[in-house]
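The values are calculated or read from the model by the stated rules, or taken from the named source; none is laboratory data. This one's a predicted model, so the numbers in the text were calculated from it and none came from an experiment. All Cβ positions, even for glycine, are placed from backbone atoms using ideal geometry, and neighbour counts span all protein chains on display. Ligands, DNA and RNA are stripped out before the accessible areas are found, and what is left, the full protein with its side chains, is counted by its heavy atoms. Shrake-Rupley method; radii C 1.70, N 1.55, O 1.52, S 1.80 Å.
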Amino acid sequence: MDWGMKNRLSKIIKPRDGRTVMLAVDHGYFMGPTTGLEKLDEMINPLLPYADTLMLTRGALRNYVDPVTDIPIVLRVSGGTSIVGKELLHEGTVVSIEDAIRLNVSGVAYSILVGADFERDTLLGMTKYIDEAERYGIPVLAVTAVGKDMAKDVRYLGLASRMAAELGAHIVKTYFCKDFEKVIESCPVPVVIAGGKKQPEKDALNMAYDAIQAGAIGVDMGRNVFQSTDPVGMLKAVNAIIHKDVTPKEAFDIFNSNKK
Ligand code: 5RP
């Protein structure tokens, strides 16, 4: 692995413990003004001290983030379908590698959907982007999803994660599931979990803890942070699970004490 690739990966995954707290706020690229992100800058500015990496779109980066920032950026470079369209996640490339370089990103994120008629399009799109990104030493995070009729279980999430890694992704993002350690064991690159739909804070903290215990290296969490009753408290609590190995109960106490 070349120096640039290693250097950028070390901005995303903290070398001190090999873990990462990624804050995902890219939802607008297919969901529009998502609850909590209407004024994206106001939401994320107080959160940045507790995030290792910010994952977002180039439009959000340009319009809402001060260029004089030291938060490493993972830029979403796939898109093209919306939550109200007929083929959610039938995505292609929406940002050139040149623009990703111009924006000085530490990594890029590309979605694949395994188990839909158009899976081939997303897989080839990601693979082509990996070829381009590798030319410049930029790591690619594969955001994996499975077809809507497929269970989000170890079989299908394991399939999508392994495929993403075999196709060359440097980090894989997937959903947490029962027997998650099997997804980790069969995926040769680091895995982070998505938060998914908003759930009670206690449950989201339990999920993050269980994912780390199973071998995930962190989270790439969005709605469970920015839709929380206390986003800063929630991200502090998640950060403590990832970097300080606190229990879910201790993390929940961190969340509650922040409110006070
Ligand atoms: C969607 C994404 C989102 O960034 C991610 O899944 C959102 O995180 P969360 O599910 O925690 O809100 O990549 O494809």
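Some values worked out for this structure:
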read-out	value
Restricting the range 64-83 to residues that are charged (D, E, K, R) and over 18 Å from F30 (Cα atoms), the residue that is surrounded by the most Cβ atoms within 10 Å (Cβ to Cβ)	D66
Matching residues, the range 74-103, being among the charged types (D, E, K, R) and more than 18 Å from the chain's Cα centre (by Cα)	K86, E87, E98, D99, R102
Any hit, the range 36-48, residues being surrounded by fewer than 15 Cβ atoms within 10 Å (Cβ to Cβ), under 25 Å from Y129 (Cα atoms) and more than 18 Å from the chain's Cα centre (by Cα)	no
Test: residue in the range 122-142 that is surrounded by 23 or more Cβ atoms within 10 Å (Cβ to Cβ) and more than 16 Å from the ligand (Cβ to nearest atom)	yes
Complete set of residues in the range 144-174 that are free of Cβ contacts under 8 Å to residues at least 24 places away in the same chain and either within 13 Å of the ligand (Cβ to nearest atom) or open to solvent by less than 60 Å² (accessible area, probe 1.4 Å) (or both)	A151
Set D245, D253, D230, D203: member being on the phi > 0 side of the Ramachandran plot and either open to solvent by 10 Å² or more (accessible area, probe 1.4 Å) or over 18 Å from the mean Cα position of the chain (by Cα) (or both)	D245
K14 being more than 16 Å from the ligand (Cβ to nearest atom), open to solvent by 30 Å² or more (accessible area, probe 1.4 Å) and touching a His at 6+ places or on another chain (Cβ under 9 Å)	yes
